[in-house]
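Please read the structure below before turning to the comments.
The values are calculated or read from the model by the stated rules, or taken from the named source; none is laboratory data. Fair warning: this is a prediction, and the values are worked out from it, not measured in the lab. Note that we place each Cβ from the backbone using ideal geometry, even for glycine, and neighbour counts take in every protein chain shown.
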Amino acid sequence: MKKRLALYSLFALLSSTINAESLVLNCQNNALLFPKQILSNKTKDLDVQADYSEVVKGGNYLLKGNVSLNSSAYFLGADEISINRSSKTSSAIGHVKFQDNELMLICDKAVVEKQGEVTHTTLNQVEFHYPNSRINGRAQVVTNDGTEQVFSSGSYSLCPLGNSDWQLKADKITFNSSTNKVVAEDVTIEFLGVPIFYSPHHEWVLEGRGSGFLAPTFGSYNESETDKGNNYQVRTPYYFNIAPDRDFLLTLNQLSSRGSVFEGKYRQLITNNNYLGDGHFEIEGHYLNKDKITNNRRWLLNSKLDLSLNSKTDLSIVTNRVSDSGYFKEIVHSNTSDSELQSHVNLSYQDQKQNLTMSLFSESEQLINNGSASYTRAPELSINKGYKGLGGRHVNLSLVSTKFTHKNSNTITNKTGVRTYAQAKFSRSIRTNNYSLTPSLNLSTTDYTMDDVANQKRNIASFRLDSKLFLEREIPLFGTNLNQTLTPRLAYNYTPKKDQSALPNFDSDDKNDSYEGLFSGQKFTGIDRIASANDLTFGLESDFIDKETGDTYLSLKIAQAYRFDDIGMNSNGTLVSQRKYSDVVMSANLTMRDFSFNNSLQYDQQINKISKRNSSISYILSPRKFLTLAHHYDNDKRSAELYGAYPLTKKIHVFAGINQFISDSITNKETTGIAYESCCWAVRLAHFKEHVSGNDYDYVTKFELVLKGLATTSSSLYKRLEENVPNYLANLDDF
């Protein structure tokens, strides 16, 4: 009898073809179509139970009354099951139930007919459910020809069984295992019983990524300080899964005051072949044919190519352009605090065996919002070669030649030309378990070939000696056995005094004093300013480390530099008088379970005052329940940051992020919002306030509805939320 029960082949096939990509939903509803049956532990036998059974004419079988067939692979129950050997037809009638390791199904009637090697099946009044993936649905008739399963007047949902908050309804749904596709005709999506979307034709894949709509977003925005919230925005994205290595996102962005913006983003992975290595390419474009306000065409074009030409050579090309400087404020309503768009080409070569790196880099910029022009490198050639000798000896040779340009070039304030910098660094590292000693000598020459002004040249030599002593002990703290490390550190830096005020300044700026910065002896970023030094830096650092996990609970550092020379150099390259002592630099970082505290400061002994301080405290229980408070102080300039999220109930959480300059009462960025999440859908309202300039702010309010399993969170929205509210899990599908 087991061989003749062909009905199982249908259910096994149906189970494998309807299976969708695994989803993790926050659902606690464990309702089933019927009580779950325990499958037989007999791999070769079939357990048959029925109130009545007989062998009728022609060797056919008839089972009646509470019929159940149980094997190690499936369970089948019905009021009546008949098997016709001559026509190779089986039928189950009345309260038909089926269960395997993935699928549960009930229907009124099932007819299975074996035609050669193919099994044809027809089911009436079907309700199916996948407990693990939570897929469920209904259909009046389901037919199967061995390849396609056709659901007539069917529905599909990922809400818990018995919950119809959202569902997809269609006149016909066709599952095809050979093409890995599902095709639905006359599709209506209902949310809370209200139709919200219709399509005459819709497709998706059974397994993996598939094409389809992402969650639309709705919002309001202001055009000016006097026009707040009077305009609306609707973004409707559609995702095309072209191939496993390619996809395309098409979005219609409807702005009530500006018009329809068509947005597209294409991405492609480049796989290793005989000519090229791995890589990635993407291009994004926005186009507004005619702005209702300016009557101009507005557009955006971004592209990015990262390509490995071979095992040692990489190519990176980035292009970012917009039609005009006001595009982000007036069309995108984001990035309004940015001042420029950077584009570049970078060709790099790295040979680790030879310790050789080379690169050719060129960049350009486009000013946006109220940005001002800066120096750009067009191009820059750099070569670096290292040699390793015995006993920790190292020699490093480098050459960097850069052509600097400036959009607002003039011979007084914005000098342009070519800077060529060559350096030879000799060092030796002597290290034991108890101490380390690293002397180094740096020889450099810099040549400036200038446009319209006299050429300049600078030769400089620097010496550095860095030493550390390693101490360690075991210490119990808060009931935990810890290793405490104590590292006294002493470094001497010497660079001769040299007036550099005649040299241009392309890329140098003051460095904030830090622990490592004091020991380096470098006062400026870049290489246009090399400050004089005759300093002795004292430091002490200590870490408290868990012996079992290796986690660092507490890290403490303190350092100060003593200057033997009272003459130094400022950022203009001019020699000026300086104090004998630097500021005292201190930091303390504490991490205990869900709590972390980070604090760094500079203490000015001369005026007995803290000159700079950065402090933050965080309490993080989950990506939806955390609080971070940060405060920054820099010579009377104060700013504060507050980030957090808190669940009001199991389904409702609020989130916020504020970045404000306290000194001038300017809010740089402000984000607030609230979200509701059920197990199969979510809704979120987010409000953004971003400083543009002066008293001008950009205000945007976004609203999105996510039907989990059918549409995902808007990528542009969750990226902005995660940037404005650090530690917040903004993707509603992932929680």
Being part of a loop (DSSP other than H, G, I, E, B) and farther than 16 Å from Asn370 by Cα is the filter here, so list the residues in segment 312-335 that pass it. Lys312
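Per-residue answers, yes or no, for (1) in contact (Cβ under 8 Å) with a residue 60 or more places away in the chain; (2) under 30 Å from Leu554 (Cβ atoms); (3) of a type in the set (Asp, Glu); (4) out of contact with any Cys (no Cβ under 8 Å at 6 or more places or on another chain):
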site	(1), (2), (3), (4)
Gly392	no, no, no, yes
Leu397	no, no, no, yes
Thr405	no, no, no, yes
Thr413	no, no, no, yes
Ile460	yes, no, no, yes
Pro488	no, yes, no, yes
Given the residues Ser177, Ser211, Ser220, which is the only one that is touching a helix residue (DSSP H, G or I) at 6+ places or on another chain (Cβ under 6 Å), surrounded by 15 or more Cβ atoms within 10 Å (Cβ to Cβ) and over 15 Å from Ser155 (Cα atoms)? Ser177
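Return the residue satisfying two criteria in turn: it lies in segment 445-454 and is touching a Lys or Arg at 6+ places or on another chain (Cβ under 9 Å) and of a type outside the set (S, T, N, Q), and of such residues it is farthest from Tyr421 (Cα to Cα).
Restricting to residues being touching a Lys or Arg at 6+ places or on another chain (Cβ under 9 Å) and of a type outside the set (S, T, N, Q), the top hit is Asp452.
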Given the options Thr251, Thr236, name the one that is modelled with pLDDT under 90, among the β-branched types (Val, Ile, Thr), closer than 20 Å to Glu203 by Cα and surrounded by 13 or more Cβ atoms within 10 Å (Cβ to Cβ). Thr236
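Working carefully through the options Leu575, Leu629, find the one that is aliphatic (A, V, I, L, M), modelled with pLDDT of 90 or more and under 29 Å from Lys651 (Cβ atoms).
Leu629
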Between a first residue in segment 124-137 that is more than 13 Å from Pro160 (Cα to Cα) and a second residue that is of a type in the set (D, E, K, R) and assigned to a strand (DSSP E or B), which pairs have beta carbons less than 8 Å apart while being 6 or more apart in sequence or on different chains? Asn124/Asp108; Asn124/Lys109; Gln125/Asp108; Gln125/Lys109; Val126/Arg138; Glu127/Arg138
Kindly check whether there is at least one residue in segment 467-478 that is buried (at least 16 other Cβ atoms within 10 Å of the Cβ) and either assigned by TED's automatic domain parsing to the domain that holds Ser596 or without any contact (Cβ under 8 Å) to a residue 60 or more places away in the chain (or both). yes
Here are the criteria: (1) modelled with pLDDT of 90 or more; (2) among the polar types (S, T, N, Q); (3) over 30 Å from Asn396 (Cβ atoms); (4) surrounded by fewer than 15 Cβ atoms within 10 Å (Cβ to Cβ). Tell me which single one Gln366 does not satisfy. (4)
So, in segment 281-298, exactly how many residues are surrounded by 14 or more Cβ atoms within 10 Å (Cβ to Cβ) and either aromatic (Phe, Trp, Tyr) or touching a residue at least 24 places away in the same chain (Cβ under 8 Å) (or both)? 6
How do the strands (runs of 3 or more DSSP E) wholly within segment 41-106 filter down when requiring 1 or more residues that are at pLDDT 85 or above, in the same structural domain as Glu127 (by TED's automatic domain parsing) and buried (at least 17 other Cβ atoms within 10 Å of the Cβ): which remain? 60-70, 75-84, 89-99
Could you look through segment 370-417, keep only residues that are assigned to a loop (DSSP other than H, G, I, E, B), under 20 Å from Ser501 (Cα atoms) and out of contact with any strand residue (DSSP E or B) (no Cβ under 8 Å at 6 or more places or on another chain), and pick out the one that is modelled with the lowest pLDDT? Thr411
When you scan segment 336-353, do you find a residue that is touching a Gly at 6+ places or on another chain (Cβ under 8 Å), assigned to a loop (DSSP other than H, G, I, E, B) and not assigned by TED's automatic domain parsing to the domain that holds Val692, even just one? yes
Under the condition of being under 19 Å from Leu62 (Cβ atoms) and of a type in the set (D, E, K, R), which residue from segment 107-118 is modelled with the lowest pLDDT? Lys114
Report yes if some residue within segment 157-178 is outside any strand (DSSP E or B), farther than 30 Å from Glu704 by Cβ and within 36 Å of the chain's Cα centre (by Cα); otherwise report no. yes
Checked Asn493, Asn512, Asn481, Asn442 against criteria (in contact with a Lys or Arg (Cβ under 8 Å, 6 or more places away or on another chain), in a strand (DSSP E or B) and modelled with pLDDT under 95); the one match is Asn481
What number of residues within segment 445-471 are acidic (Asp, Glu) and modelled with pLDDT under 95? 2
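For segment 346-354, indicate whether the set of residues that are surrounded by 15 or more Cβ atoms within 10 Å (Cβ to Cβ) and under 21 Å from the mean Cα position of the chain (by Cα) is non-empty.
No, the conditions are met nowhere in segment 346-354.
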Is it the case that segment 712-722 has a residue that's of a type outside the set (A, V, I, L, M, F, W, C), at pLDDT below 85, touching a Cys at 6+ places or on another chain (Cβ under 7 Å) and buried (at least 23 other Cβ atoms within 10 Å of the Cβ)? no
Considering only residues that are among the β-branched types (Val, Ile, Thr) and under 33 Å from the mean Cα position of the chain (by Cα), which ones fall in segment 188-211? Thr188, Ile189, Ile196, Val205
Read through the list (1) surrounded by 16 or more Cβ atoms within 10 Å (Cβ to Cβ); (2) aromatic (Phe, Trp, Tyr); (3) modelled with pLDDT under 95, then give the number of the only condition that Phe361 fails. (3)
Test for Gly550: is it of a type in the set (Gly, Ala, Ser), closer than 30 Å to Tyr728 by Cβ and not in a strand (DSSP E or B): yes
Among strands (runs of 3 or more DSSP E) entirely within segment 198-311, at least 1 residues that are hydrophobic (A, V, I, L, M, F, W, C) and over 26 Å from Tyr327 (Cβ atoms) occur in 231-243, 259-270, 298-308
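Could you please give the count of residues in segment 582-596 that are farther than 25 Å from Gly521 by Cα and surrounded by 15 or more Cβ atoms within 10 Å (Cβ to Cβ)?
3
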